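Working notes, beginning with the structure itself.
The values are calculated or read from the model by the stated rules, or taken from the named source; none is laboratory data. Since the model is a prediction, treat every value here as computed from it, not as a measurement. Note: ideal-geometry Cβ built from the backbone for every residue, glycine included; neighbour counts use all protein chains shown. Surface accessibility is based on the protein's heavy atoms, side chains included, excluding ligands, DNA and RNA. Shrake-Rupley method; radii C 1.70, N 1.55, O 1.52, S 1.80 Å.
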Amino acid sequence: MDDTSYFIGLGNNDTVTRKKAGQDYVKFWEAEARNLHWFEKWNDVLDWNPPFARWFVNGKINASYNALDVQCNKNGKKVAILWEGENGDRRSITYQELLNYVCKVANTLKSLGVKKGDRVTVYLPMIPELIVSMLACARIGAIHTVIFSGFSSQSIRDRVIDSKSKVIITADGGFRRGEIVKLKQVIDEAVSDLDFVEHILVYEHTKTPVHMGKKDSPWNSLVNGALEQCEPEKLDSTHPLYILYTSGTTGKPKGVLHGTGGYLVHLYSTFKWIFDIRDTDIYFCTADIGWVTGHSYVVYAPLMHGATQVIFEGALVFPTPARIWDLVERYKITILYTTPTALRMFMKYGDSLPNSKDLSSLRLLGTVGEPINPQVWKWYFKTIGKEKCPIIDTWWQTETGGALVSPMPGVETITLKPGSATLPLPGINVSVVDEHGNDLPPETKGYLVVTKPWPGMLLSLWNDDEKYKTVYWSKYKSMYYPGDYAIMDKDGYLWMLGRADDVLKVAGHRLGTAEIESGFVSHKSVAEAAVCGIPHEVKGESIIVFLVLKEGVVQSKQLEDELIQHIRNVVGPIATPDHLYIVSKLPKTRSGKIMRRLLKSVASNEQIGDISTLEDEAAIDDIRTAFAELQNTIQKN
Ligand code: ATP
Ligand code: MG
């Protein structure tokens, strides 16, 4: 573990402190809730009937009103979205324009028979219409369920059946890496025989010819003809805002159900603390809206703060690997929020690319999604932030709605440590515990738990309260179990060590995947690493590691020996892998996370299970080939 310290602190846009909030978290969140617009105030801050939490009970609120009308009352001319298409198209949309557009779509949905509580599936590329569709649902109390536009028809079908969506919003196509993804065609394959789907609203984006059947309606003419005013529904705080299926890193995707009032309060406050958001900022979160980061920190949180943000369609490294840095330069982006996997990809291309661009507008750099390797953290800090921008490592999950652990440059000056997400946010109570749920002393590895409810907490899993109880609330009594392995250091800082399911048990020691992987990534030749354990008679488990080398590095026996020596030096002899493979790519979810369970299944010749979220099936072939070699070696010996 690297504990080089970096002192960083910025503004002071709030007076909140972690300590003060901790004294009475319910009262604390009640005060935060006053920052939002409520049609009617709540009469009970928290109804906690474990494991079900209901926040701001009987309060009436509307997400689209807080995101749009509140901003228009201040300054409707402010730009909300600066959009850039893959082919260079650009759009700039103000808050007032966004509000008018949302109202038109809300009225269109009403005309198609959508009512409060109905589900609407949204399968759109990264275009403003995706945000507009979500906010239109929120305006009339329909529950949106966004499906990432990279999913295939079977994955969509499963999700549409699970949510029983009445209406689907899609487009003719979307642009990705120079190709057109035919979205409408995928939808036709997925849902054509599902009777409960009444309408499909089709936005014309790529001008790809599509088949229009009797359920299909053209967005462009319907929306153009709709009224620009639509009264927001005064919804219960606990009214479901959306269903979002998790990325499926550990298994079959789960339909996470989020409410309205608590969720919005959580987002409003955390966005202010974490990103110190100011009126002049140009914010850019690279997440696709199809994932929770996009829902929370592209759609709801920035809009509730009247922020201006950049949104792009396509890939961050297409048409050239410089695209990301071109965007920063062109729009003078001040806050960048991305993932460790994206950063490792940028690093692979070397420093000369970012060094050739003007990145001086940047002032804050965020990361989310996986543990960030300290080496990657330092690269982000030095090469991208020029040692001036704090790295905001935010730990959270689809289920938590918003960040739970993160530095707060908007509030305080603290020491950052590369690889640590630092401290729990105000009003958030977490611990690291042993198998029995007992608090562990500092510097001891264990399971991360959340000991008190928090406002962004999921309501349940869609139509499956039992699964909700089993997955999150059965390992420990009255404590939420996120499924992550972690350690708290003597300063109370949290270090995420990887998924609890992936922990390796080697000769009586427990090793988180992140510990070993970060050790490898700290070697100058390694771009990415994934480890898994397979049963070993003597040691319990033996360590298998898969490495992707940096561009231009040549594989050799000598390099492999050097890498093994390196891991022995930086982590210890206990982390010595029994087998090391160099592969060209690792199996990842479409949200960019390494799917370690696949490595394990292939290794133990098991069924590989649900791979609907796997980005590139070819990556498994690489792993299979490597394991076939391994089997041969074992047989020969
Ligand atoms: P599934 O639950 O379907 O397996 P998933 O867990 O990948 O998929 P998400 O909700 O997108 O779906 O991801 C949350 C998980 O990502 C966390 O539980 C954690 O393992 C990891 N994670 C997120 N942010 C961080 C971070 N800053 N540091 C370490 N790990 C992180
Ligand atoms: Mg998860």
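Can you order the peptides 582-595, 499-512 by their average number of other Cβ atoms within 10 Å per residue, highest first?
Numbers: 582-595: 21.4, 499-512: 17.9.
Ranked by mean Cβ neighbours within 10 Å, highest first: 582-595, 499-512.
Could you list, in their original order, any pairs among 234/469; 505/593; 104/214; 184/332; 60/272 whose Cα atoms are separated by more than 25 Å? List each step's numbers first, then the result.
On the way: 234/469 30 Å; 505/593 22 Å; 104/214 22 Å; 184/332 35 Å; 60/272 23 Å.
Over 25 Å Cα-Cα: 234/469; 184/332.
Quote the relative contact order of the range 408-514 in percent (integer), defining contacts as alpha-carbon pairs under 8 Å separated by 6+ residues.
Details: 165 pairs, mean separation 26.6, N = 107.
It comes to 25 percent, rounded to a whole number.
Enter the Cα centre distance for the pair the range 267-344 and the range 393-455, rounded to the nearest angstrom.
Comparing the Cα centres of the range 267-344 and the range 393-455, I get a distance of 23 Å.
Using only the Cα atoms, what convex hull volume per residue in Å³ does the range 153-278 have?
202
Under the rule a/c < 1.5 gives rounded, and otherwise a/b versus b/c splits prolate from oblate, where does the range 51-205 land using the Cα gyration tensor? It would help to have the intermediate numbers written out before the result.
Working: a/c = 1.94, a/b = 1.12, b/c = 1.73.
It comes out oblate by the Cα gyration axes.
Which FRET efficiency value, to the nearest 0.05, do you get for residue 24 and residue 554 by plugging their Cβ-Cβ distance into 1/(1 + (r/R0)^6) with R0 = 51 Å? Kindly include the intermediate steps, with their values, before the conclusion.
Working: r = 60 Å, r/R0 = 1.18.
Calculated value: 0.25.
Could you work out the local net charge near residue 215, counting Lys and Arg as +1, Asp and Glu as -1, over the other residues with Cβ closer than 13 Å to its Cβ? Working shown, then result.
On the way: positive: 166, 184, 214; negative: 188, 193, 195, 198, 216.
Within the 13 Å Cβ shell, the charges total -2.
Using a 1.4 Å probe and ignoring any ligands, DNA or RNA, find the accessible area of residue 247 and quote it in Å² to the nearest 10.
Approximately 20 Å² for this residue.
Measure nothing fancy, just the Cα-based angle from helix 557-570's long axis to the longest principal axis of the chain, in degrees from 0 to 90, nearest 10.
Relative to the chain, helix 557-570 is tipped by roughly 80 degrees.
Rounded to the nearest 20 Debye, what is the dipole magnitude of the range 30-170 about its Cα centre when Lys and Arg each give +1 and Asp and Glu each give -1 at the C-beta?
Working: 19 positive and 14 negative charges, 85 e Å.
Using only the charged Cβ atoms, the result is roughly 400 debye.
Residue by residue through the range 502-514, which ³J(HN,Hα) values in whole Hz follow from phi under the Karplus form 6.51 cos²θ - 1.76 cosθ + 1.60 (θ = phi - 60°), with glycine and proline marked x?
Using θ = phi - 60°, the values come out as 9, 4, 9, 10, 10, 6, x, 9, 9, 10, x, 4, 5 Hz.
Can you give the FRET efficiency for residue 189 and residue 561, using 1/(1 + (r/R0)^6), R0 = 41 Å, r = Cβ-Cβ distance, to the nearest 0.05? Intermediate results must be reported in sequence, preceding the final value.
Numbers: r = 50 Å, r/R0 = 1.22.
Rounded to the nearest 0.05, the efficiency is 0.25.
How far apart, in nm, are two points set 7 Å out from the Cα along the Cα-to-Cβ line at residue 509 and at residue 316?
Placing both labels 7 Å along Cα→Cβ, they lie 3.2 nm apart.
With a ≥ b ≥ c the root eigenvalues of the C-alpha gyration tensor of the range 448-601, is it rounded (a/c under 1.5), prolate (a/b larger than b/c) or oblate?
Values: a/c = 2.09, a/b = 1.86, b/c = 1.12.
Prolate, since a/c reaches 1.5 and a/b exceeds b/c.
Calculate the FRET efficiency for residue 196 and residue 221 from the Cβ-Cβ distance with a Förster distance of 25 Å, rounded to the nearest 0.05. Working shown, then result.
Working: r = 25 Å, r/R0 = 1.01.
With R0 = 25 Å, the Cβ-Cβ based efficiency is 0.50.
What order do you get for 363-371, 375-383 when each peptide is scored by the mean count of other beta carbon atoms within 10 Å, highest first?
363-371, 375-383
For the residue pair residue 43 and residue 74, what label-to-label distance in nm results when each label sits 7 Å from Cα along the Cα-to-beta-carbon direction?
Result for the modelled spin labels: 3.2 nm.
By the scheme Lys and Arg +1, Asp and Glu -1, what is the net charge of all other residues having a beta-carbon under 15 Å from that of residue 307? Please list the in-between numbers first.
Numbers: positive: 74, 77, 78, 272, 278, 332, 363; negative: 276, 279, 281.
In short, +4.
Under unit Cβ charges (Lys, Arg +1; Asp, Glu -1), what dipole magnitude, rounded to 20 debye, does the chain have relative to its Cα centre? Could you put the intermediate results ahead of the total?
Numbers: 71 positive and 75 negative charges, 165 e Å.
Rounded to the nearest 20 debye, it is 800 debye.
Rounded to the nearest 20 debye, what is the charge dipole size of the range 431-499 about its Cα centre when +1 sits on each Lys and Arg Cβ and -1 on each Asp and Glu Cβ? Spell out each step's value before the answer.
Details: 8 positive and 10 negative charges, 26 e Å.
Dipole about the Cα centre, nearest 20: 120 debye.
Give, in nm to one decimal, the length gained when the segment between residue 152 and residue 228 is fully stretched (0.36 nm per residue of separation minus the Cα-Cα distance). Mind showing how you got there, number by number?
On the way: separation 76, 0.36 × 76 = 27.36 nm, distance 3.43 nm.
Going from the current span to full extension adds 23.9 nm.
If you take the Cα Rg of the range 431-499 and divide it by 2.2 N^0.38 Å, with N the number of residues, what do you get? If you can, show how the numbers build up before the last one.
On the way: Rg = 12.8 Å, N = 69, 2.2 N^0.38 = 11.0 Å.
Rg over 2.2 N^0.38 Å, computed on Cα atoms: 1.17.
Once the dipole of the range 302-455 is set up with Lys and Arg at +1 and Asp and Glu at -1 on Cβ about the Cα centre, which of 311, 433, 400 lies farthest towards its positive end?
With unit charges placed on the Cβ atoms, the residue in question is 311.
Please name whichever of 482, 461, 498 sits farthest to the positive end of the charge dipole of the range 431-499, dipole taken about the Cα centre and charges placed at Cβ: Lys and Arg +1, Asp and Glu -1.
461
Determine one quarter of the surface area of the Cα convex hull of the range 6-419, which equals its mean projected area, and express it in nm² to one decimal.
On the way: hull surface 77.0 nm².
Reported value for the Cα convex hull: 19.2 nm².
Rounded to whole Hz and in sequence order, give me ³J(HN,Hα) for the range 92-100 from the Karplus expression 6.51 cos²θ - 1.76 cosθ + 1.60, θ = phi - 60°, writing x for Gly and Pro.
10, 10, 7, 4, 5, 5, 5, 4, 4
Tell me the net charge near residue 227. Cut-off is 13 Å between Cβ atoms, residue 227 excluded, with +1 for each Lys or Arg and -1 for each Asp or Glu.
Values: positive: 104, 110, 139; negative: 228, 231.
Charge balance in the 13 Å sphere: +1.
Label points 7 Å out from Cα along the Cβ direction at residue 444 and residue 501: separation in nm?
Here the answer is 2.7 nm between the modelled labels.
Based on the mean of other Cβ atoms within 10 Å per residue, sort peptides 21-31, 258-268 so the most packed one is first.
Numbers: 21-31: 15.9, 258-268: 28.2.
Order by mean packing, descending: 258-268, 21-31.
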